[in-house]
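Here the structure is laid out as structure tokens; the discussion comes afterwards.
The values are calculated or read from the model by the stated rules, or taken from the named source; none is laboratory data. Since the structure is predicted, the reported quantities are computational estimates derived from the model, not experimental observations. For neighbour counting, all protein chains shown are included, and Cβ atoms are generated from backbone atoms with ideal geometry for every residue, glycine included. These accessible areas exclude ligands, DNA and RNA; they are computed on the full protein's heavy atoms, side chains included. Shrake-Rupley method; radii C 1.70, N 1.55, O 1.52, S 1.80 Å.
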Amino acid sequence: MRSVFLPILCALFIGLFVSKMDPNAILVSDNQNKIFQAQAFLDSGFKSQYASCEILRDLGACTYFPSWQIQMKHGISGPFPVAFSLFAAVVGWLADYSYLFYIAIFFFILGVSILKIRNRINSLGILVLVFGPVFFHSVLFPDYSISFLCTCIAVSAYRKPREDRLEQIFLGLLAGLGFFFRPENSILLFFLGIIHIVEWIKLGLPKKDSEEAKRFLLLVGSGVSILFYGILNFYLYDSPWGSRIYVNATVARDHGALKYVSLLFAGHGRVGFLFFCPWIALGAVLLFLKWRSLEKTEKFLLSASILSLGAGVLMTPNDSNIDWGTRYLSWLCVPAVVLFFSGNSKRILESFPKAVRWVGVLSFLVSLFFSKVYYVTEIAQSKEMIRYNQFFRSLPEGVNVSTRNTITALYGQDIFHKKVMIVREKGEYSKLVNLLLEKNENVNLIRYNSAILSKLRSMPKAKESGQDAELEKLFLSRGWKISQETSLEKIEVLHLTR
């Protein structure tokens with residue numbers, strides 16, 4: 001009965017989330033910057049990854065374009081891996097970027113199906129994946145869904161190697177491709193490789209057709225993909241690490257030790273990985289108590305997963321406060337589910353007294369509670385984003401100007417179809433106004449209302465980009481007049497004409 005009911009429950013939850021979530025609502029924050037990179041391919045006819053900001057060609061191009069930009073060797077781009085930019089560009093070319101939401105759901109379901117079929121994971125294992133951070137991260141961050149799928153392939157091919165050696169190498173190549181989209185998923189493969197090398201130094205190489213040899217082929221295949229990643233990045237950026245790892249290293253220096261507490265437990269208004277998924281910590285401790293009963297492969301996978309958790313926390317640049325359970329760590333749910341819900345290690349966990357298993361149930365209920373809060377929060381934010389997005393679409397014709405990226409983010413993919421400009425520093429105000437004066441443009445000056453600004457100023461470490469009133473005064477002094485004032489809850493807009 002459970003084997004039928006739980007998958008139906010998971011399917012209903014995914015269907016409910018899809019029906020409530022507007023696909024355009026995910027195109028904010030990091031995702032908006034990722035499609036900014038993708039748009040560079042479309043604007044250049046797939047000839048260049050460097051942005052031209054075509055919509056603002058006559059208004060300073062990328063100077064005031066609302067995105068996180070870095071100056072690279074041959075031009076302007078974003079900080080995210082170029083592989084996803086190219087993938088998203090194809091999606092944007094065939095349809096529009098909102099379809100990334102549905103593709104991400106497909107990749108998540110495909111990854112879970114691989115785990116289920118290949119490892120014979122029971123229905124409870126599927127339940128903790130669907131009602132946990134990996135589901136939310138997969139559907140809200142499409143690059144994560146690709147990395148999640150690659151991790152599912154890697155762990156499945158490691159736990160249950162394919163008979164054909166060429167097929168095993170190919171799966172390794174696919175697993176390593178996840179590094180092109182999110183580098184952190186290679187940490188597990190790295191530690192597995194180190195553990196196997198240490199064993200082979202002690203005991204010698206495995207027999208040619210043994211499962212150990214096939215696992216070695218998987219790790220070799222993934223290593224080839226990662227090596228290719230380094231060579232490609234050295235060609236593009238003169239560095240084997242690529243833009244994302246370089247930017248992460250600079251960001252990491254700006255965060256203190258409390259970041260680690262936030263990543264693992266809670267802080268900065270978010271829930272950390274182990275607080276969101278306490279069942280993982282419980283399962284790992286219980287398996288360590290039965291270490292001698294574990295198979296060698298289970299020992300290796302458990303050890304590599306714990307080492308990956310430690311390395312992931314140390315290498316993570318920030319606590320990713322826009323999501324819970326942090327995307328930098330939540331992919332570790334994949335090896336955890338394979339260990340806890342299939343094979344010999346599953347039987348070992350089931351051998352513990354009923355009281356211990358009830359603790360496991362309670363730990364999952366904690367995850368379920370946070371999933372509910374996360375679900376409600378995301379649906380509310382989706383509705384809010386779409387409401388403001390539609391409001392911006394209804395504004396009078398003109399250049400849309402703001403001083404805050406939290407406002408320009410609400411435009412989503414409309415930043416490629418409407419003239420949206422952001423000016424972050426007071427020293428740039430006059431330059432922007434002079435540019436718009438030269439082009440004789442009407443302006444929609446978009447800002448937070450006074451109540452929201454008061455709250456922002458009261459926050460610790462609040463960084464003001466300058467008073468919006470100063471920008472308004474500057475426009476008025478140069479000949480613009482306020483022809484219309486509109487507002488929607490926390491946002492107010494002045495329509496300025498000449």
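Tabulated data for the structure shown
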item: Degrees separating the helix 165-181 axis from the principal Cα axis of the chain, which is the longest one; result: 30
item: Kirkwood hydrodynamic radius of segment 383-497, Cα pairs, Å; result: 14.5
item: Span from the segment 364-441 Cα centroid across to the segment 182-212 one, whole angstrom; result: 47
item: Exposure of Cys53 as accessible area (Å², to 10), given a probe of 1.4 Å and all protein chains; result: 10
item: Helix-derived mean residue ellipticity, 222 nm - over the chain, DSSP H n ≥ 4, -39500 (n - 2.57), to 500; result: -20000 deg cm²/dmol
item: Peptides ranked, highest mean first, by Cβ atoms within 10 Å: ranges 79-87, 278-286, 180-188; result: 180-188, 79-87, 278-286
item: Label point distance in nm, Ile379-Leu227, each placed 7 Å from Cα along Cα→Cβ; result: 5.0
item: Ala213/Asn344 FRET efficiency (R0 25 Å; Cβ-Cβ; nearest 0.05); result: 0.75
item: Ordering of 225-231, 147-153 by packing [mean C-beta count within 10 Å, highest first]; result: 147-153, 225-231
item: In degrees, nearest ten, helix 142-159 long axis to first principal axis of the chain (Cα); result: 10
item: Estimated distance in nm for a label pair at Lys426 and Val361, the labels positioned 7 Å out from Cα along Cα-to-Cβ; result: 6.2
item: Ranked packing of 12-20, 405-413, most packed first, by mean Cβ within 10 Å; result: 405-413, 12-20
item: On Cα atoms only, tilt of 296-315 relative to the major axis of the chain in degrees; result: 20
